[in-house]
1. Give me the compactness ratio for the stretch 152-208, meaning the Cα radius of gyration over 2.2 N^0.38 Å.
2. Pull up the cross-link candidates among the aspartates and glutamates for LYS448, meaning alpha carbon to alpha carbon under 19 Å and not fewer than 8 places away within one chain.
3. Leaving out ligands and nucleic acids, note down the accessible area per residue over the stretch 10-165 with a 1.4 angstrom probe, in whole Å².
4. Relative contact order of the stretch 505-643, please, whole-number percent, based on alpha carbon pairs below 8 angstrom and at least 6 residues apart.
5. For the stretch 596-674, report the translational diffusion coefficient in µm²/s to the nearest whole number, using Stokes-Einstein at 10 °C, 1.306 mPa s, and a Kirkwood Rh over Cα pairs.
6. With each pseudo-label sitting 7 Å past Cα toward Cβ, what's the MET375-VAL242 distance in nm, one decimal?
7. Ordered by packing density, taken as the mean number of other Cβ atoms within 10 Å over each peptide's residues, highest first, how do 358-364, 635-641 rank?
8. I need the shape label for the stretch 93-211. Rule: rounded when a/c is under 1.5, else prolate if a/b > b/c, else oblate, with a, b, c from the alpha carbon gyration tensor.
Amino acid sequence: MYRAIAAACFAAGLFLALHHPVAPDFLAVAFALWAVAVWRWPLVWLFIVPALLPVLNFLPWTGWVAFEEFDLLLLATAAGGYWRLALHEPHSRLPTLPLGLIALLLASWAIACVRGVADAGGFVFDWFGGYRDSMNSLRIFKSVGFAVLLMPPLLDAFRRDGERAAKTLAAGVTAGLALATLGVLRERATFPGLLDFSTRYRSAGMFWEMHVGGAALDGYLALATPFAAWALLESRHRGRWVAAALLVVLAGYACLTTFSRGMYLAVPFGLAILAWLRLRPDGAAHETGVLSGRARLILAVAFLLVAQVAFHVAGYRGALVLLMAAVMTMLVNALRTRPWWPAGWRTQGGMTVAMMLMIEAVAVVSGGSFLMERMADGNQDFKGRMVHWGYGLAILDRYPDWLFGKGLGRLPARYLQRDLRHEMPADMRFAQEGGNGYVLLSGPPTNKFVAGSFGMGQRVSSVNGGDYKAALDVRAFASTLLNVTLCKNYLIYETKCVGAEVPVKPAEGWQHMEVALTGQELTDGSWYSAQQAVFSLSVLSAGRTVAVDNVSVIVGGRQSLSNGDFSQGLARWFLSGESYFVPWHIDNLALELLIDQGLFGLAALGLLVAAALRRLAFGGAHRHVLAPFIAAALAGYLAVGLFSSLMDIPRVAFLFFLLLITSWLLSDDKTRLS
């Protein structure tokens, strides 16, 4: 069985690598080498997989939505891990309780995936399938699928050397956080500036899934930030401690510059859980007056329920007040039971780090109006979310939907049927006629106010030289206005642009058009700049569709586009826009699970999370050095879920499930990992 799984994973990964739109040969070789490395060194993947998680997605360059480069890494890891298992025949396995809960979770996701594919009209394989196709159900299923697939190699790694495996995994998450924060720094240094906190700009990092909005960066930071605290608290060498302290400060900057109200609640909540669990005395609850384990569990569950109610009733401000009260209560309860840390360089350094974090927070609050605008709009935004949630729940119009959900990833396709005011702003679909491929580009069905907010685009390598021209073949059956632009941007925020609005007259056949793009002169950024040039086409007329083919952009006499004739389908093209993302996300984790998987899926995940948190806080793993950090990560992630959808970002959700499963592998041992 292990050999069969290894062979299947290797074949699937190699097939995927060889169909990569940009670098198939390189990735095929890299895939095979990584599979061999995992077979040879069984612990190495515990570091590499979480370390590379924030960077292995190149959607704006490939056009892949359903697949990503991170899938190749996981398939190679599974291939190498299972082949090693086939040779060494491990005998350990998880206890019955977590296995049953994980099986229940997998069943709920599998049922929802099948229902999602059926709701989309049946399975149709498409390398560039979008968010309304059957491929979207498989895209979302990947997070749980890969986490369960890697369970046997994960269990084998902990069986060999549990302490080393746990330390390697924590170091990998820490390294991934470092890469993610460097990505945010690079982004903000280019747009809008490291110290500019007044421009309406929210960081996305290297999470390109946010081309349709969402909380990919928020969820990742909530999961990974506690591991920066782990690196700081567990480092004994001064050099490593200084590096960890720098990471804590940079992670704080990344969290603050998301300008996400959910992040401002979730990360402090997770860190408060961390402080509470680390500072409590073991085995002295009744003597010191600290709450018992059972009372703390009841209090934690009650707090999550009250927080959800407070958010729904009083909005962000009510949830913020509740959070601050809980944080202060937990810290006071923890600190009253433990002598203060002795003076020394670590204490002085810790105070310096705390001061720098406070300075960052004050700078963001006082350095501009964007944060204040976000906070001032909180109550109004909450009212809009209530309406949005109501339309989302209306999708569940039958009893089976309430029990098993509408299906994974079906919200974007079904939302339009319930709320015509928040319809899809654009759509692009590949079509063929007589063996010739082209794209059908549409504007919103009725809402003219969001027309042009989204378009199909492609990265352009160089814009130096001036004299910008575009050429394309178009066909339309009604008068349509097409917007053609070439802009410097990062993902969804544009700065300098050249462009033109092109009227397309109705005609039966193809029309060839050549357009001069005018505006601000564009220049290439430096090698370390995050600035990119993106060519984009969008429909400015509601209810109109234009067929597009043979697209080219001439910059200084050079052709700057790839696959402009769409001979490779939608390779290298992607859909993106700015500020309007309502149809893609329900913006609440509980409602996301309910719509996708029904009460069955909501209960399955709830039971597994509750059991894991109980084990980390009060059960068989509560004395392990990593337990408080994993508990803080899971709690912070769930807190982000009060305000955001989180399961529609597969690689971030994968890390959540990986940590969830790891919580059952930690032994009850007081020994420090370091």
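The values are calculated or read from the model by the stated rules, or taken from the named source; none is laboratory data. Quick caveat, the model's predicted, so the values are computed rather than measured. Neighbour counts are summed over all protein chains in view; Cβ atoms, including those assigned to glycine, are modelled from backbone coordinates with ideal geometry. Note: accessible area is taken over every heavy atom of the protein model, side chains too, but ligands, DNA and RNA are not part of it. Shrake-Rupley method; radii C 1.70, N 1.55, O 1.52, S 1.80 Å.
1. Scaled against compact globular proteins, the figure is 1.71.
2. List returned: ASP419, GLU423, ASP427, GLU501, GLU578.
3. Per-residue accessible area for the stretch 10-165 comes out at 40 Å².
4. RCO, the stretch 505-643: 14 percent.
5. After rounding, the answer is 120 µm²/s.
6. 3.5
7. Highest to lowest by the protection proxy: 635-641, 358-364.
8. oblate
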